[in-house]
Amino acid sequence: MGKGVSGIGNRPNIVNQANLRALTKVQRKIAAQDFESALILNDRGRVLAKLDGDRTEVIFTPEFMQQLQGKNLLHNHPTDLPTAPSRADILGNGLTLPKTSTIVSQIGQKDVMTFNENWNRENSQKLAAQMHLPTEHYRTGGYRRDVRNDIANNKLPNMTASQFGNLSPTQIKDFIDRQVAERHVRDIQNILRNPTWQQRYGFTFESTYIPR
Ligand SMILES: [Zn+2]
């Protein structure tokens, strides 16, 4: 990576291949975990702090949040499904504004949000509110109307009525939950990919995979 590449906008200033390799290694390591971790990285990809949680949550301590200000957050969501930053990842405690926020999943998917000078507490709250809508919909409604229609019409991908007949109720529920989770992530990613919101709130979003 040439010198000219480093320091563009607010992207991490990862200046050489050794740093990039070390960063990729850290990302792969936490992506493989079955529990959540949160790490603070400097612009060279060096780990400054690390917290471990359980399968569904890692508690960000006040000390951690204080240290995160202006640094880079790396965090994992242990699932073999596509994933996306959650409202909590974007909102933080509202006082801490990281430079970048990266979420990796067990399939190696990597969602990177990079925040620019327009990103502030108010914008983070507004964006989290946008994301609140689909999240609450899934929680309170169970399944969205289009998912329910697809279930009723046997239109879920790779699933026919005869296949359902061979599955236990638990397997059917797991399958439908998976469909719902995938659509949920797609909805969140569509919000984060929206150029209008990116410009208005002051961030970019990129979803790729960790290089092998
Ligand atoms: Zn998270």
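The values are calculated or read from the model by the stated rules, or taken from the named source; none is laboratory data. Predicted model only: the values in this text are computed from it and were never measured. Because the Cβ atoms are built from the backbone with ideal geometry, glycine has one as well, and the counts that use them run over all protein chains shown.
In segment 181-190, what residues are crowded, with 16+ Cβ neighbours inside 10 Å and at pLDDT 85 or above?
Val185, Asp187, Ile188, Gln189
Testing Ile103 on (1) out of contact with any Lys or Arg (no Cβ under 9 Å at 6 or more places or on another chain); (2) modelled with pLDDT of 90 or more; (3) near the ligand (Cβ under 9 Å from one of its atoms), one condition comes back false. Which one is that?
Only one criterion in (1) out of contact with any Lys or Arg (no Cβ under 9 Å at 6 or more places or on another chain); (2) modelled with pLDDT of 90 or more; (3) near the ligand (Cβ under 9 Å from one of its atoms) is unmet by Ile103, namely (1).
When the residues of segment 28-52 are filtered to those that are within 17 Å of the chain's Cα centre (by Cα) and more than 16 Å from the ligand (Cβ to nearest atom), which remaining residue is farthest from Thr100 (Cα to Cα)?
Ala32
Specify the residue that is modelled with the lowest pLDDT; the eligible residues are those in segment 70-80 that are more than 14 Å from the ligand (Cβ to nearest atom) and assigned to a loop (DSSP other than H, G, I, E, B).
Once the filter is applied, the top-ranked residue is Asp80.
Could you list, ordered by first residue, the pairs with Cβ atoms under 7 Å in which the first is in segment 71-100 and closer than 16 Å to Ala31 by Cα and β-branched (Val, Ile, Thr) and the second is in a loop (DSSP other than H, G, I, E, B) and more than 9 Å from the ligand (Cβ to nearest atom), at least 6 apart or interchain?
Taking only residues 6 or more apart or on different chains, the pairs are Thr79/Gln106.
Does segment 58-69 contain at least one residue that is within 10 Å of the ligand (Cβ to nearest atom) and not in a helix (DSSP H, G or I)?
yes
When segment 107-122 is examined, which residues are found to be under 17 Å from Arg186 (Cα atoms) and buried (at least 16 other Cβ atoms within 10 Å of the Cβ)?
Passing the criteria: Gln109, Lys110, Asp111, Val112, Met113.
Determine, yes or no, whether Arg178 is modelled with pLDDT under 90, of a type outside the set (A, V, I, L, M, F, W, C) and out of contact with any helix residue (DSSP H, G or I) (no Cβ under 9 Å at 6 or more places or on another chain).
For Arg178, the condition - modelled with pLDDT under 90, of a type outside the set (A, V, I, L, M, F, W, C) and out of contact with any helix residue (DSSP H, G or I) (no Cβ under 9 Å at 6 or more places or on another chain) - is met.
Could you say whether any residue in segment 124-146 is β-branched (Val, Ile, Thr), at pLDDT below 90 and away from the ligand (no atom under 16 Å from the Cβ)?
Taking every residue of segment 124-146 in turn, at least one turns out to be β-branched (Val, Ile, Thr), at pLDDT below 90 and away from the ligand (no atom under 16 Å from the Cβ).
Please state which one of Leu39, Leu48 is touching a helix residue (DSSP H, G or I) at 6+ places or on another chain (Cβ under 8 Å) and exposed (fewer than 15 other Cβ atoms within 10 Å of the Cβ).
It is Leu48.
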